[in-house]
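Encoded as structure tokens, the structure appears first; notes follow it.
The values are calculated or read from the model by the stated rules, or taken from the named source; none is laboratory data. Given the structure is predicted, the values throughout are model-derived calculations rather than measurements. Glycine also receives a Cβ, built like all others from the backbone with ideal geometry; neighbour counts cover every protein chain displayed.
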Amino acid sequence: IDTEWTLSESCQTCKCLSNKIIICRNRTCQMPKDCRMGEQLTLKPGSCCPTCSPIRRSCLYDSTAILHNTIFYPKSCLQCRCRDGQLFCDDICHQSILQSMYLLD
């Protein structure tokens with residue numbers, strides 16, 4: 001009775017009143033007035049209120065923009081990932097051969 005709790009998945013605050021009635025209302029967010037240079041307002045998964053987060057830069061590959069954290073395969077056996085403006089690539093065929101060799105030992 002007169003207990004208050006927050007439902008994170010619905011972004012509501014609820015209160016159980018003495019007459020066994022539950023009242024819920026949407027949580028209010030403290031909105032940042034302005035994000036700093038290099039930041040943007042984002043809503044993270046599982047969060048109710050937006051926050052300022054660093055802007056993640058895209059990559060450019062063969063005149064194509066690749067979004068941050070995207071995995072792509074520009075050539076057979078080559079797996080690449082864009083990480084904040086930098087491309088990281090691995091030869092996945094060579095790795096598979098090495099893994100198979102270790103499994104045979």
Self-check item: Evaluation of P32 against (1) over 26 Å from R83 (Cα atoms); (2) at pLDDT 85 or above; (3) surrounded by 10 or more Cβ atoms within 10 Å (Cβ to Cβ) (one fails), failing number
Solution: (2)
Practice problem: Return the residue satisfying two criteria in turn: it lies in the range 1-21 and is polar (S, T, N, Q) and modelled with pLDDT of 80 or more, and of such residues it is farthest from C49 (Cα to Cα). | Solution: T13
